[in-house]
Amino acid sequence: MVQISNHLPTAELQRLDAAHHLHPFTSHSELTEKGARVITRAKGVFLTDSEGEEILDGMAGLWCVNIGYGRDELAEAGARQMRELPYYNTFFQSTHVPAIALANKLAELMPEHLNHVFFAGSGSEANDTNIRLVRTYWDLKGKPSKKVIISRKNAYHGSSVGSGSLGGMAYMHSQGGLPIPDIHHINQPNWWAEGGDMTPEEFGLARAQELEAAILEMGEDRVAAFIAEPVMGAGGVIVAPSTYWPEIQRICDKYEILLIADEVICGFGRTGNWFGSQTLNIRPDIMTIAKGLSSGYAPIGASVVSDEVAEVIGQTEFNHGYTYSGHPVACAVALENLRILEEEGIVDHVRTVAAPYLKQAWESLTDHPLVGEATIVGMMASIALTPDKASRAKFAADPGTVGLMCRERCFANNLVMRHVGDRMVISPPLIITPEEIDMLLMRARKSLDETYARLQEQDMLRPAS
Ligand SMILES: *Cc1c(COP(=O)(O)O)cnc(C)c1O
């Protein structure tokens, strides 16, 4: 067998990668031609690639490495657990200490009424659990017609058949027969792109009221739940206008609709509180968590449900679970991650140091000729690229063309910043220091300047007609 190691030349690793590895959300033929960037090590907020370049990871991996890379304590917690009990299941009336400890710790950290944890291996799995859970809940309450789950266009809730259906990504629905029945999507509260002549406040209210309109149209007796991210992440860090969430909460309270907050990105300090629901003053019946739960060091997710939902579900055998529900190694790693978050005051660091510093730096980007709005909540932020700020115009080029150009400039400048269409987004590790934020902004500005110069050269600064 060929020994594949970090010591092979980059081109050889790229060739072997292209030969046998199919990547998620990637065009294989395109990647084969170009070659993937090979990441070999990481420490703090920096990645190192196979060419020895040091890259500032403005995305914390995929929004998950909240405590930063290279924490030995997590490696040791995982190794210790592997030696003691590498695996046992939590089916058939069995349990183990890491699952007990993590469920209890989560109940302590969560808003008061959320005290019961159903483990999964990922955010997608946890949202699949939620689909079955809320429908079973209403069956047990004697209201089996309540089956519809309302979500939002441009939402991201995962990539499995169920969670991908909950999500509102048209390009995902177009492959593989999604969405499944009884999922309904209303419009997103994205004022920049869709607000027209309304003020943000008017628009936020109007978009929230689409939930009420949908409930009334389908009938309250058919709607089981509403699911939403407190701040849309993969959709481009879309922060709803201030009027949006209070109205959503009012509507969920008025009609008997369970509110599911998908906190997979917003949870564990990202927004400056433990949970995005606290930042936005939302009272969910169910929370989806994953990503920052283990800072990405081990795959784990969960649905955390209210006392009332747990009591109803507890009346029957819920015929659902994953081999790796409450995996002991993942639980041990997550527990250690939560200990570090708590003992090192990382959520406080976000609220009092990192987020205020990032906010003033990030919002200063609006003086750049290419940047329309800058939005930020805690440590997740975005900028909208536009050829004309006043009219919030889109580019004449296909959506995403300019965003991709900018991302490639970022990559060349050793910064990971993602593009969602023509929005650029960041979500750095929460432990980032002010000096590292300065470096992030310097690289972002340089990349914006280079993108702008290229657009000028290629006569692409034109608005869509
Ligand atoms: C990433 C994400 C998911 C899916 O989590 P996976 O672990 O990739 O399955 C679900 N919801 C939100 C909001 C996410 O950002």
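Taken over segment 170-199, the criterion of being within 15 Å of the ligand (Cβ to nearest atom), within 19 Å of the chain's Cα centre (by Cα) and either farther than 14 Å from Ile227 by Cβ or not assigned by TED's automatic domain parsing to the domain that holds Met232 (or both) is satisfied by Met172 alone.
Screening Glu229, Glu263 for residues that are in contact with a Cys (Cβ under 8 Å, 6 or more places away or on another chain), of a type outside the set (Lys, Arg), within 14 Å of the ligand (Cβ to nearest atom) and at pLDDT 95 or above leaves exactly one candidate, Glu229. Among the criteria (1) among the charged types (D, E, K, R); (2) under 26 Å from Arg423 (Cα atoms); (3) out of contact with any strand residue (DSSP E or B) (no Cβ under 8 Å at 6 or more places or on another chain), the one Asp139 does not fulfil is (2). Here Ala103 meets each of (1) of a type in the set (Gly, Ala, Ser); (2) outside the structural domain of Ser295 (by TED's automatic domain parsing); (3) touching a strand residue (DSSP E or B) at 6+ places or on another chain (Cβ under 9 Å) with one exception, condition (2). Taking Asp307 as the residue in question, decide whether it is within 16 Å of the ligand (Cβ to nearest atom) and among the charged types (D, E, K, R). When the stated conditions are applied, Asp307 does not pass them. Candidates Pro429, Pro399, Pro356: the one that is under 23 Å from the mean Cα position of the chain (by Cα) and farther than 23 Å from Ile67 by Cα is Pro399. Against the test of being in the same structural domain as Ile215 (by TED's automatic domain parsing), touching a Cys at 6+ places or on another chain (Cβ under 9 Å) and surrounded by 14 or more Cβ atoms within 10 Å (Cβ to Cβ), the options His116, His96 yield a single qualifying residue, His96. Return the residues of segment 270-283 that are within 13 Å of the ligand (Cβ to nearest atom) and touching a helix residue (DSSP H, G or I) at 6+ places or on another chain (Cβ under 7 Å); say none if nothing qualifies. Listed by number, the residues that qualify are Arg270, Thr271.
Here Ser163 fits the description: in a helix (DSSP H, G or I), within 30 Å of Ile67 (Cα to Cα) and within 16 Å of the ligand (Cβ to nearest atom). When segment 29-48 is limited to residues that are free of Cβ contacts under 8 Å to residues at least 24 places away in the same chain and touching a helix residue (DSSP H, G or I) at 6+ places or on another chain (Cβ under 9 Å), the one that is nearest to Leu440 (Cα to Cα) turns out to be Phe46. All conditions in (1) within 19 Å of Ala225 (Cβ to Cβ); (2) away from the ligand (no atom under 13 Å from the Cβ) hold for Ile289, with the sole exception of (2). Tallying residues that are surrounded by fewer than 22 Cβ atoms within 10 Å (Cβ to Cβ), touching a Ser or Thr at 6+ places or on another chain (Cβ under 8 Å) and aliphatic (A, V, I, L, M) within segment 377-403 yields 3.
The values are calculated or read from the model by the stated rules, or taken from the named source; none is laboratory data. No experiment lies behind these values; they were computed from the predicted model shown. Here Cβ is always computed from backbone atoms with ideal geometry, including for glycine, and neighbour counts include all displayed protein chains.
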